[in-house]
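What follows is a short report on a single structure.
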Amino acid sequence: MDLALQLLFTGIGIGAVYALVALGFVLIFRATNVVNFAQGEFSMVAAYLMVVAVEAGLPYWAAFIVALLGMALLGVVFNLGVYYPLRHRTYLPVIIATIGASILLANSVLAIYGPQPQVLEGWFETPGIQVGPVYLDSQYLLIICVTICLVIFNFWFFEKTLLGKKLQATSQDKEMASLLGISVSTMIMITFIYSAVLGGLAGILVAPVLFVSIQMGSTIALKAFAATIIGGFGDVAGAIIGGLALGVIETFGAAYISVPYKDGFAFLVLVAFLIFRPQGIFGERVAEKA
Amino acid sequence: MRLTRRDFAAGIAAGIAAPYIIKSANAQGATIKIGMCAPVTGPAAESGGYAIKGAKLALEAVNKAGGILGKQGELIVEDDQTTNPGIVLAFSKLASQPDIVGFLGSIRSTQVHAMAPDVIKLGKPVMIGGTDPKLTHMDNQWLFRFRPNDSYSGRVIAEFGVNTLGKKKWAVLHSTDAFGTAGGNALTGALEKLGCTTFDQGYANQSQDFTPVVLAIKQSGAEILGSYFTFENDLGIFARQLRQLGVNIPWVGSPSIVNITALKLAGPALYNTYGVADYAEDSSEGSKAFGKIYRDAVKVAPDNQSSWTFDAINVLSAAINKAGSTEPAKIREAILAIKKFPGAEGEYNFDQNGDGLHGYNIVKNEKGKIVFDKHIEFND
């Protein structure tokens, strides 16, 4: 039982990271109908920005704000440089462009900052607390809390605010949204900014656990992409549930079946979903939209 | 001026012959070229940078001392991207240059396995740092190893843990790649010979979480941990989680446990651990000399990533000079004939398989400082 509780906590913690990145995938997919394969690199870039800001002597909170502002700027540049020129083309050139952009981002960071993995200290001086038989890593606790807050924020933002509804309208039918006076290009710009910030947030939060390296984004993004499919592509709740489920499944699979095949469990679940429920857990709503 | 048939024929002949003459001239050019596949990008890019620096420092010294066959040595580096396809591509690019006389391959056994078939086809000497014992025992006469292989590291870890630390109940943790599997098998085999019980646990490279591994080790009731990690990121994450989850048993690791990147990432989580290290700065005069040269030039502490490439260039250059030729077969004979050659990693005595070193150092991490304990050499 003690073992299961510890695994559950860790699984939810790592799953929350997948969920944050998956959320970025979903938001961009809803707005543009394309998958942004550079979403993982957003996490990596933000983590490096955070390291640079901390090394420059900024207090941790200020470095955090600077890194997120940097990500917002990257979202603008990404939209204008990668999506906007190809917006009237089919989804394929845009997806290929996002793959190219992810390679460019990774190699740009490599060229600027070098290949050295970096250590980013966590928010708290205490690495964690022991609650009965379970050790709660303070960084994972923070990640879980942030994910819960974001779920609530997303619900409020998309369901209760005018801007959120405009974003939803744009994602559902661009032409109709445009006829209703919504600036589609502005909404898409906002979506890219929000997704870049979300991806960045995931990177900054997970950096003290996984270290800051060029590969950190692609490693997380692959799982987050699987989580998005499991949850139902295009569904915010699906991304969160898919991410958490994936984290828990791979952690328990590793502990009770086989450690070397840990990644295999995640992708086994993905394959099972693709065969038996390709629309994902919350797939019906996407089908209605289509 | 009238163009005669003879002038025309001469012109055509010169045109056809010119590229070959130029190529030939280049082949016999002003430098002796050595190719190097190194991870310039990918997860091992940082340690790849150290490897390149080690090789360059050696070549600088060789050139100052008169060069190779009276010519200056030149290092041609290709990025292996820290992947198997990457190193195959990098090696094929280098192999297509006929004027390269010898090569430096990878410190990663998996990558050496990937490039090995092409090495046989090319038939030129390749210096390697991969420690999977099979690499020099698979009928590939062109691979020469500049680090002791894992049959030695496994035996040294086992002997130290059992005879010095007095522990008989072991957990053996290893990567499931070629290096980790070979190392894990070597350690388990050595422990079984010493009458120990072992709990074997593999893991896949680039894992983001080691909680299940740590809990499995905890539940096994092991008194001591032996490990073979391929990547420093993995080692760093594991070390932190091991300590966080309250596992404080003694830990003796393969050389990656004492390399610079791992020490930086894991920090205090690796304090008081032991490692087998092919390079230990205080283990010999050659090691000390290399340490000084490297610190002066690179401004960081040396480790095995740079020491093996340093030795590989020195040995290859010495062998070519001794052979008096860049003919591959003669270089091979000269390398195999090398005995008592003082290197940064220790004294090289090549056997007929191409293994130059036959022992390991034991070192301890004392609050982040790597302290030499003892050297264990095998003669069998």
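The values are calculated or read from the model by the stated rules, or taken from the named source; none is laboratory data. Predicted model only: the values in this text are computed from it and were never measured. Don't worry about glycine lacking a Cβ; one is built from the backbone with ideal geometry, like all the others, and counts go over all protein chains shown. Accessible surface areas use protein heavy atoms only, side chains included; no ligands, DNA or RNA. Shrake-Rupley method; radii C 1.70, N 1.55, O 1.52, S 1.80 Å.
Can you classify the stretch B:151-274 as rounded, prolate or oblate using the Cα gyration tensor, where a ≥ b ≥ c are the square roots of its eigenvalues, rounded means a/c under 1.5, and otherwise it's prolate if a/b beats b/c and oblate if not? Rounded, since a/c falls under 1.5. Here, the protein assembly as shown yields an orientationally averaged convex hull projection of 38.3 nm² when only Cα atoms define the hull. The relative contact order of the stretch A:2-289 comes to 36 percent, based on Cα pairs under 8 Å that sit 6 or more residues apart. Based on the convex hull around the alpha carbon atoms, the stretch B:258-380 presents an average projected area of 8.3 nm².
Per residue of A:258-268, other chain Cβ atoms within 10 Å of the residue Cβ number 4 on average. Scalar couplings 3J(HN,Hα) for the stretch A:19-33, obtained by applying the Karplus form with A = 6.51, B = -1.76, C = 1.60 to θ = phi - 60°, are 5, 4, 5, 4, 4, x, 4, 5, 4, 5, 5, 5, 7, 10, 6 Hz; x denotes Gly and Pro. Computed over the Cα atoms of chain B, the ratio of the radius of gyration to the Kirkwood radius (Rg/Rh) comes to 1.06. In the stretch B:103-159, the inverse of the mean reciprocal separation of distinct Cα atoms equals 11.4 Å; this is its Kirkwood hydrodynamic radius.
Projected label points at A:Glu159 and A:Ile257, each 7 Å from Cα along the beta carbon direction, are separated by 3.4 nanometres. Looking at the stretch A:2-289, the pairs of alpha carbons with a distance over 32 Å make up 23% of the total. Helix content alone sets the calculated 222 nm mean residue ellipticity of chain A: runs of n ≥ 4 DSSP H residues at -39500 (n - 2.57) each, divided across all residues, give -25000 deg cm²/dmol. Using a probe of 1.4 Å on the protein chains alone, the accessible area found for A:Ile257 is around 130 Å².
Label reach from B:Leu194 (point 7 Å along Cα→C-beta): in the stretch B:345-380, amide nitrogens under 13 Å belong to B:362, B:376. Normalised by the number of residues in the stretch A:85-171, the mean separation of alpha-carbon contacts (under 8 Å, six or more apart) gives a relative contact order of 11 percent. Close amide H contacts of B:Ile76 (hydrogens built in the peptide plane, cut-off under 5 Å, sequence separation of 5 or more or a different chain): B:Ile34, B:Gly35, B:Met36.
Magnitude of the charge dipole for the stretch A:1-143, about its Cα centre and with charges confined to Cβ atoms of Lys, Arg (+1) and Asp, Glu (-1), is about 720 debye. Is there a pair in A:Lys262/B:Lys134; B:Lys71/B:Lys121; B:Lys330/B:Lys369; A:Lys223/B:Lys369; A:Lys165/A:Lys223 whose C-alpha atoms are over 32 Å apart, and which pairs would that be? Correct reply: B:Lys330/B:Lys369; A:Lys223/B:Lys369.
Inter-chain neighbour count for A:129-136: the average number of beta-carbon atoms from partner chains within 10 Å of each residue's beta-carbon is 1. Rounded, prolate or oblate for the stretch A:1-130? Axes are the square roots of the Cα gyration tensor eigenvalues, ordered a ≥ b ≥ c, and the cut-off for rounded is a/c under 1.5. Cα axes put the stretch A:1-130 in the oblate bin. Whose amide H sits under 5 Å from the amide H of B:Ile107, counting only residues 5 or more places off or on another chain, with H placed in the peptide plane? Amide H neighbours of B:Ile107, under 5 Å, 5+ apart: B:Gly129.
Restricting the GluC sites (Glu not before Pro) of the stretch A:109-185 to loop positions (DSSP other than H, G, I, E, B) with no more than 14 neighbouring Cβ atoms within 10 Å leaves A:Glu121, A:Glu125. How many angstrom separate the Cα center of the stretch B:168-198 from the Cα center of the stretch B:289-342? Result: 31 Å between the Cα centres. Taking the protein heavy atoms of the stretch A:2-289 in the context of the full set of protein chains, the accessible area attributed to carbon and sulfur is 72 percent at 1.4 Å. Per the Debye formula on identical point scatterers at the alpha carbon atoms of the stretch A:203-258, with no solvent, log10 I(q)/I(0) at q = 0.18, 0.24 Å⁻¹ is -0.70, -0.99. When all protein chains stay in place and ligands, DNA and RNA are ignored, the 1.4 Å accessible-area order of B:Asp80, B:Asp177, largest first, is B:Asp177, B:Asp80.
What the phi angles of the stretch B:200-212 give under the Karplus curve with 6.51, -1.76 and 1.60, with θ = phi - 60°, is a coupling list of 8, 9, x, 8, 8, 4, 6, 7, 8, 8, 10, 3, x Hz, glycine and proline written as x. Approximating the spin labels as points 7 Å out from Cα along Cα→Cβ, the A:Ile65-to-B:Lys292 distance works out to 5.3 nm.
In this structure, the amide hydrogen of A:Val134, modeled 1.01 Å from its nitrogen in the peptide plane, lies closer than 5 angstrom to no residue at least 5 positions away or on a different chain. Entry comment: accessible area of the protein assembly as shown is 41 Å² per residue, from protein heavy atoms only and a probe of 1.4 Å. Counting only other chain Cβ atoms within 10 Å of each residue's Cβ, the peptide A:107-114 averages 1.
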